[in-house]
1. Going by the conditions given, is residue 120 out of contact with any strand residue (DSSP E or B) (no Cβ under 6 Å at 6 or more places or on another chain), modelled with pLDDT under 85 and over 21 Å from residue 142 (Cβ atoms)?
2. From 242, 230, grab the single residue that is under 20 Å from residue 292 (Cβ atoms), in contact (Cβ under 8 Å) with a residue 12 or more places away in the chain and within 16 Å of the chain's Cα centre (by Cα).
3. With 12, 19 as the choices, which residue is within 15 Å of residue 118 (Cα to Cα), modelled with pLDDT of 75 or more, part of a helix (DSSP H, G or I) and more than 26 Å from the chain's Cα centre (by Cα)?
4. Only one of these is under 15 Å from residue 265 (Cα atoms) and more than 25 Å from the chain's Cα centre (by Cα): 164, 179. Name it.
5. If residue 35 passes every condition in (1) over 24 Å from residue 324 (Cα atoms); (2) at pLDDT below 75; (3) surrounded by 14 or more Cβ atoms within 10 Å (Cβ to Cβ) but one, which one does it miss?
6. Filter segment 118-128 down to residues that are surrounded by fewer than 24 Cβ atoms within 10 Å (Cβ to Cβ) and either touching a helix residue (DSSP H, G or I) at 6+ places or on another chain (Cβ under 7 Å) or in a helix (DSSP H, G or I) (or both), then give me how many there are.
7. Inside segment 191-211, can you point out the residues that are surrounded by fewer than 18 Cβ atoms within 10 Å (Cβ to Cβ) and closer than 21 Å to residue 151 by Cβ?
């Protein structure tokens, strides 16, 4: 067992801890409903009759149906599976060694979905551990808490490193044109890639240092490498979702440029210390500034972060909450 900070152990043993774990996910549900209520006017930016007319066309479905399937179902589901694999890796010594990897994924998906519900009301989803702790004995709660942060923070390296590497794949004339179009000279400078790469190295060093100190219960060295590899795949899936939605909305651009611009939008917004409402508002504004001039209807770019948020976060959170009420509460209420 890891040597957890004494204050963390005392917190998880306090009489208020269990009450808080039960309350936090439903605060997340309130935040989810508040999202739709406060931002319902955003959907008026869409020309609804025109959208209905287009969607009603069989030609549109034949041309776009498979992309919708990928954007709405396939990529979010693959992302959830990757997150479940990461969680299985980081908690693997508590698992049945004879259980197959797919059975472990199936077991962990409800844990992740219910954890997402508990993360909706706090910046950067820092309260995701609240839902996950409900599935483990109380003496494991410090480990679950730290492991949740370590699992999610693996993404930081790739949020910074991917745009640094993708910068080299974009045609120089495109970068020069964007620098003029958005009045942002660093887009056309090699220093953008150098700075992002340097920040990625610092983020990786910080993560590995914390991992070595806080995950003292595992002596293996392959685990942090495996976690980073799966996190890289998870980030590529997120970029793919953006690319598919933008293409559905009419963006015409080569693949390298799309992935670079999306990666830059995510890098700029990822570390903003905002709650769920502010975070989505900032991403919507960034998407409008970057992709608005490139789409047939500029304001539709603001919908992309919302659509991705709902398929990746909102819908799984509702599934997790429903599953807990119908099945999980009876099985894990004693923990």
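1. Against the criterion (out of contact with any strand residue (DSSP E or B) (no Cβ under 6 Å at 6 or more places or on another chain), modelled with pLDDT under 85 and over 21 Å from residue 142 (Cβ atoms)), residue 120 qualifies.
2. 242
3. 19
4. The match here is 179.
5. The number of the failed condition is (1).
6. Here the count works out to 5.
7. Once the filter is applied, which keeps residues that are surrounded by fewer than 18 Cβ atoms within 10 Å (Cβ to Cβ) and closer than 21 Å to residue 151 by Cβ, segment 191-211 yields 201, 202, 205, 206, 208, 209, 210.
Here is a yes/no grid of residues against (1) modelled with pLDDT of 90 or more; (2) part of a helix (DSSP H, G or I); (3) under 16 Å from residue 125 (Cα atoms):
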site	(1), (2), (3)
257	yes, yes, no
283	no, yes, yes
288	yes, yes, no
302	no, yes, no
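The values are calculated or read from the model by the stated rules, or taken from the named source; none is laboratory data. Small disclaimer: the values here were computed from a predicted structure and weren't measured. We place every Cβ from the backbone using ideal geometry, glycine too, and count neighbours over all the protein chains shown.
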